[in-house]
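To keep things clear, I will list the structure first and then write my remarks on it.
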Amino acid sequence: MSIRPSRCPIEGLGNDGRARMHEQVELFNAFFAAGDPVVVATVTGFLFLLGACAASFSCLVAFRLARLPEDRPLIAAISTPPSSCDHCGRRLSMLDLVPVLGWLAARGRCRGCGGNVPARYPALEAAMGLVCAAAPFVFGGLTAQCFAAVFVACTAFLAAAIDWENGLVPEEVTWTLLFSGLLASPFVTDVWSRAAGAALGAILVWVSMALIGWWKRIDTRAVGDVAMGAAGGAWLGLQPVSWWLFAACFVHVAICVLAASEDEEGMTWLPFGPALMGVLPVALAASPWIATPG
Ligand SMILES: [Zn+2]
């Protein structure tokens, strides 16, 4: 007499569903790889819109967070009343909120008072849209790496926008990026390599901040930057971390030169986060060339 293991019908259905979804994605990828115009246009259009909306949302959260009393939680910046004009307080319509096109349709002005809406908003939305739309071309179609890169780019943009406006990054954002990278980075094969990358990222950022602080005799401690170093390291793995941080330092210096505004003491204070986070998606794209195989 043999006892056959019983098979849960729901579990079986789940497996079939997953297999079907996997097949659909494979089919979609085959059409994408073959350059089918409808599939390519749908994928790039959707990803462009996703990136542009993520940028629009991030700028809004960063802007609101900077105008809230200190120590207010991130959720307070998201759940405050609907978006309105900075000049006249007019509530923005659905058309105004469409990324890039809303700004173009209104020719960069508020429909109520004619107040100027800075061009950096549609520019950032378009840039993020292009970054996300490029992901399937860089990572071989709708692969795990493509989805991961889009997620990292959007989360990194949120961290960078908040850091630029506020000079700090809420730990909800950095921890989300860190733990998602530790758990699921498709760029690093095993969890120990991710943990080692995170540790190295944190240590390198902490040591360089401590050295600058000691050299300039100023307090440069920034927990947010150390957390961002760890988060990037978790996604990248051990080998690409130092390259990523090296490139981020160059970008940071470039930002400082372009946006320099010295205060009375002749010091320029600019957060390191935007450079760290801005270079991260590029580092992910370059990581196969940096990391030695095996
Ligand atoms: Zn207005």
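No lab work stands behind these numbers, since they all come straight from the coordinates. Given the structure is predicted, the values throughout are model-derived calculations rather than measurements. Here the Cβ positions follow ideal geometry from the backbone for every residue, glycine too, while neighbour counts run over all protein chains shown.
Taking the Cα centre of the chain as origin and charging only Cβ (+1 Lys, Arg; -1 Asp, Glu), how large is the dipole, in debye to the nearest 20? Walk me through the numbers on the way to the answer.
Details: 17 positive and 21 negative charges, 110 e Å.
Its charge dipole is roughly 540 debye.
Run through all the Cα pairs of region 10-142 and give the fraction in each 10 Å bin from 0, expressed as whole percent.
Per 10 Å bin, starting at 0, the Cα pair percentages come out as 11, 29, 25, 20, 13, 2, 0.
Order of 29-40, 188-199 by packing, highest average Cβ count within 10 Å first? Show your work: numbers first, answer last.
Details: 29-40: 13.4, 188-199: 18.4.
Those peptides, ordered most packed to least, come out 188-199, 29-40.
Arranged from highest to lowest average of other beta-carbon atoms within 10 Å per residue, in what order do the peptides 146-158, 117-129, 16-28 appear?
Working: 146-158: 22.5, 117-129: 18.0, 16-28: 10.9.
Result, highest mean first: 146-158, 117-129, 16-28.
Beta carbons within 10 angstrom, averaged per residue: use that to sort the peptides 223-234, 102-113, highest first.
Going by the mean number of other Cβ atoms within 10 Å, highest first, we get 223-234, 102-113.
Can you tell me, using C-alpha contacts under 8 Å and at least 6 residues apart, the relative contact order of region 169-294 as a whole percent?
Numbers: 168 pairs, mean separation 36.0, N = 126.
Taking the mean separation of contacting Cα pairs over the length of region 169-294, I get 29 percent.
Give the relative contact order (percent, whole number) for the chain; include only Cα pairs under 8 Å separated by 6+ residues.
Details: 369 pairs, mean separation 49.4, N = 294.
Result for the chain is 17 percent.
Which residue, Gly17, Ala119, Phe151, has the largest displacement toward the positive end of the dipole of the chain when charges sit on each Cβ (Lys, Arg +1; Asp, Glu -1)?
Gly17
Given an 8 Å cut-off on Cα distances and at least 6 residues of separation, report the relative contact order of region 10-142 as a percent. Can you show the working numbers first?
Values: 106 pairs, mean separation 45.8, N = 133.
Once divided by the residue count of region 10-142, the mean separation gives 34 percent.
Dipole magnitude of region 10-142 about its Cα centre, charges +1 at Lys/Arg Cβ and -1 at Asp/Glu Cβ only, in debye to the nearest 20? The partial results should precede the final answer.
Numbers: 11 positive and 10 negative charges, 167 e Å.
That gives region 10-142 a dipole magnitude of about 800 debye.
Convert each backbone phi in region 276-286 into a coupling constant with the Karplus relation 6.51 cos²θ - 1.76 cosθ + 1.60 (shift: θ = phi - 60°), then list the ³J(HN,Hα) values in order as whole Hz, x for Gly and Pro.
Going residue by residue, I get 4, 6, x, 7, 4, x, 5, 5, 4, 5, 8 Hz, with x marking Gly and Pro.
State the percent of C-alpha pairs, over all pairs in the chain, separated by a distance greater than 35 angstrom. Mind showing how you got there, number by number?
Working: 12260 of 43071 pairs.
Cα-Cα pairs in the chain separated by more than 35 Å: 28 percent.
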